Amino acid sequence: MPKIFVTRRIPERGLDLLYTAFGKEAVTVAPQDNAITRSDLLAGVRGMDALLCILTERIDAELLDAAGPQLRIVANYAVGYNNIDVAAATARKIPVSNTPGVLTETTADLAWTLLVSAARRVTEGERYLRAGRWESWGPTLLMGQDIHGATLGIYGMGRIGQAMAERARGFQMRVIYTDVVRLPEERERELNVSYVDMTTLLKDSDFISIHCPLMPETTHAFSTKEFAAMKPTAVLVNSARGPVIDEPALAEALKQGQIFSAGLDVYEDEPTIHPDLLACENVVLLPHLGSASFETRSRMAEIAASNIVARLQGQTPPTCVNPEVL
Ligand code: DGY
């Protein structure tokens with residue numbers, strides 16, 4: 001009987017797949033429902049054949065060695081896998097899988113929620129009302145930025161970036177994007193988007209939404225220089241990975257009115273929020289909820305589990321990110 005370690009309680013549909021394939025006794029779910037400590041993670045993975053982990057857990061050479069040579073797969077419960085040292089896994093011939101596709105639309109929905117909230121000062125307005133400060137309707141009360149007809153700039157035009165662009169149609173927006181890879185012309189026409197360089201994206205966008213993976217090239221892609229190049233009315237949204245933005249620089253730009261507002265779902269050092277950001281009224285802050293709908297989180301659990309089932313039954317894990325090990 002193989003042994004599977006699940007580092008955090010996940011939706012039942014994923015666990016059921018594992019129970020059906022291998023029996024309940026094969027699966028150890030970490031007992032706590034909060035972040036597992038490094039030492040519990042190192043201890044929990046020892047002697048396991050499969051690891052189902054989440055995006056806040058660092059899966060590196062030390063962890064893989066602690067597991068032992070029988071470890072046959074690391075299944076990440078996320079599409080982003082910057083928490084995993086894939087090269088270290090590949091060197092040990094361990095496949096790593098992620099959960100692409102299923103969270104595209106849900107994450108784009110959340111990015112739009114942030115965009116609308118930051119543009120129209122939704123959370124600021126609610127705080128104001130709940131604090132009992134609303135005395136009357138006011139001609140200049142909590143004015144924000146129009147979304148319809150504005151220019152949306154997308155930084156990173158993968159699956160989620162494209163889903164973001166599709167939603168912009170309803171707001172009659174002009175959509176521009178930048179990425180290392182340009183979309184095929186036919187897809188650009190379908191989405192009604194234009195490829196631009198970073199300088200143009202910063203200069204022309206009323207809204208910028210970040211949808212790139214975290215890599216050395218995208219780390220701090222948005223810092224002092226970029227904020228200075230943006231419109232003072234611009235709104236910045238990040239639902240990708242925190243370190244794409246230099247947080248102290250963003251807080252300064254928000255404070256100085258260099259940009260109008262921001263909407264963030266991800267942070268440089270989750271769950272720590274930079275105190276200067278917490279002090280800003282003009283930023284909407286969410287606790288990494290991009291994929292957090294009932295259905296999507298269940299589908300992510302199913303994909304992560306089905307990668308484990310496939311691997312332990314001698315088949316190809318369907319969403320392996322380092323297939324060269326197979
Ligand atoms: C992911 O899957 O990478 C997301 O950040 C989870 O919401």
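The values are calculated or read from the model by the stated rules, or taken from the named source; none is laboratory data. Note that this is a predicted model, so its numbers are computed, not measured. Reconstructed Cβ throughout: ideal geometry from the backbone, glycine too, with neighbour counts over all protein chains shown. Ligands, DNA and RNA are stripped out before the accessible areas are found, and what is left, the full protein with its side chains, is counted by its heavy atoms. Shrake-Rupley method; radii C 1.70, N 1.55, O 1.52, S 1.80 Å.
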Only unsatisfied item for Ser136, checking (1) within 16 Å of the ligand (Cβ to nearest atom); (2) free of Cβ contacts under 8 Å to residues at least 40 places away in the same chain, is (1)
Count - residues of segment 240-263 that are open to solvent by less than 10 Å² (accessible area, probe 1.4 Å), within 16 Å of the ligand (Cβ to nearest atom) and not aliphatic (A, V, I, L, M) = 2
Name, by its number, the condition in (1) without any contact (Cβ under 8 Å) to a residue 60 or more places away in the chain; (2) basic (Lys, Arg); (3) touching a helix residue (DSSP H, G or I) at 6+ places or on another chain (Cβ under 9 Å) that does not hold for Arg130.
-> (3)
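Condition check ((1) touching a strand residue (DSSP E or B) at 6+ places or on another chain (Cβ under 6 Å); (2) within 15 Å of the ligand (Cβ to nearest atom); (3) more than 25 Å from Gly158 (Cβ to Cβ); (4) outside any loop (DSSP other than H, G, I, E, B)) across all residues:
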{"residue": "Arg8", "(1), (2), (3), (4)": "yes, yes, yes, no"}
{"residue": "Asp33", "(1), (2), (3), (4)": "no, no, yes, no"}
{"residue": "Thr56", "(1), (2), (3), (4)": "no, yes, no, no"}
{"residue": "Leu63", "(1), (2), (3), (4)": "no, no, yes, yes"}
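Just the residues that are surrounded by fewer than 21 Cβ atoms within 10 Å (Cβ to Cβ) and more than 20 Å from Gly314 (Cα to Cα), please, taken from segment 58-77.
Arg58, Asp60, Ala61, Glu62, Asp65, Ala66
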Filtering segment 280-290 down to residues that are of a type outside the set (A, V, I, L, M, F, W, C) and surrounded by fewer than 21 Cβ atoms within 10 Å (Cβ to Cβ), which residue is nearest to the ligand (Cβ to nearest atom)?
-> His288
State which residue is farthest from the ligand (Cβ to nearest atom) when the search covers only segment 215-232 and only residues that are open to solvent by less than 60 Å² (accessible area, probe 1.4 Å) and of a type in the set (S, T, N, Q).
-> Ser223
So Ala304, is it within 16 Å of the ligand (Cβ to nearest atom), in contact with a Phe, Trp or Tyr (Cβ under 6 Å, 6 or more places away or on another chain) and open to solvent by less than 20 Å² (accessible area, probe 1.4 Å) | yes
So is Leu18 in a helix (DSSP H, G or I) and touching a strand residue (DSSP E or B) at 6+ places or on another chain (Cβ under 7 Å) or not?
-> yes
Given (1) within 16 Å of the ligand (Cβ to nearest atom); (2) surrounded by fewer than 21 Cβ atoms within 10 Å (Cβ to Cβ), index of the condition Thr99 fails = (2)
